[in-house]
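One structure is given here, and the rest of the page talks about it.
The values are calculated or read from the model by the stated rules, or taken from the named source; none is laboratory data. For clarity, every value in this text was computed on a predicted model and none was experimentally measured. All Cβ positions, even for glycine, are placed from backbone atoms using ideal geometry, and neighbour counts span all protein chains on display.
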Amino acid sequence: MRLVIAGTMSPGTTAVHFAELAGAGGHDVRRLGTYDEVGPVRRALTGTDAAVLVPKRGDARLHAQQAMRTLLAAAAELPAPPRILLVSSFVVGHGRAHPLSRVDATQLPARIASEENLRASGLPYTIVRPTWLTDDPPGAHAITLTQDPHADGMVSRADIAVALIAAIESGSAVRTTFGLFSEPGTPPADWAAAYARLQPDAAPHKELV
């Protein structure tokens, strides 16, 4: 499959884990380090099966909300737009009560907006809300998928990448939002079956925010 990964291309990041693991699995992966303008993003998305956005650290309004709007605008210009997968944050489910929401007042609204805009786009999508991030290697733990908005825990960046690739390869988890955290044990043997237990998202409001 032809895939695009948009995010920080620094060693050890979720975006780099995704690119390396997907490439090792035989996929044609295009890395998109900048996504400020619709034209270059549209060209990168042309002919792709799926695009993954891992928002960069820093200004969430720029790297999450505006990046998603640019990605969606570019995809809307294509005759065959790709599936969009967003790596969001478990903080969205917790809301303003979570301590991280009080560290930076822009983080939560921007994350919420990026999710809502993706749901309202009409494109096939998947939204993943990882919990606290670790640098453990892929496959070191069991992975729990949950739609409990108040999920907490830890998950490795590499396992997030594995979960994204599994969703793309199996065609599963379309129009769903779910959290990820790790537990002692072995990783899922059948990702498609795990994804099949997820409930689809409710119909969104079709309005950009």
Residues of region 2-19 being surrounded by fewer than 16 Cβ atoms within 10 Å (Cβ to Cβ) and touching a residue at least 60 places away in the same chain (Cβ under 8 Å), in sequence order, are G12
| said: On the basis of being more than 16 Å from Y125 (Cβ to Cβ) and modelled with pLDDT of 95 or more, does G33 make the cut? | reply: no
Residue hits (region 153-162; in contact with a Phe, Trp or Tyr (Cβ under 7 Å, 6 or more places away or on another chain) and either over 18 Å from T8 (Cα atoms) or not small (G, A, S) (or both)) are G153, M154, V155
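Could we say that T46 is polar (S, T, N, Q) and in contact with a strand residue (DSSP E or B) (Cβ under 8 Å, 6 or more places away or on another chain) here? So that I can check it myself, show each step before the final result.
Details: polar (S, T, N, Q): yes; in contact with a strand residue (DSSP E or B) (Cβ under 8 Å, 6 or more places away or on another chain): no.
Criteria not met by T46.
Being of a type outside the set (F, W, Y), over 19 Å from G23 (Cβ atoms), buried (at least 19 other Cβ atoms within 10 Å of the Cβ) and at pLDDT 95 or above narrows it down to one of A163, A173, so name that one. If you could, list the steps in order and put the result at the bottom.
On the way: A163 fails: over 19 Å from G23 (Cβ atoms).
Checking each option against the conditions leaves just A173.
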When every residue in region 80-109 that is surrounded by fewer than 16 Cβ atoms within 10 Å (Cβ to Cβ) and either in contact with a helix residue (DSSP H, G or I) (Cβ under 6 Å, 6 or more places away or on another chain) or part of a strand (DSSP E or B) (or both) is compared, the one modelled with the highest pLDDT is T106
Of the listed residues (A120, A203), the one being modelled with pLDDT of 95 or more and of a type outside the set (S, T, N, Q) is A120
Those residues of region 141-172 that are under 13 Å from the mean Cα position of the chain (by Cα) and of a type in the set (D, E, K, R) come to a total of 2
Condition set part of a strand (DSSP E or B) and of a type outside the set (A, V, I, L, M), scope region 110-150, selection surrounded by the fewest Cβ atoms within 10 Å (Cβ to Cβ): answer is W132
Taking region 156-203 and keeping only residues that are in contact with a helix residue (DSSP H, G or I) (Cβ under 8 Å, 6 or more places away or on another chain), assigned to a strand (DSSP E or B) and closer than 15 Å to P137 by Cα, one is left with S182
Those residues of region 130-175 which are within 20 Å of G93 (Cα to Cα) and of a type in the set (D, E, K, R) amount to D148, D152, R157, R175
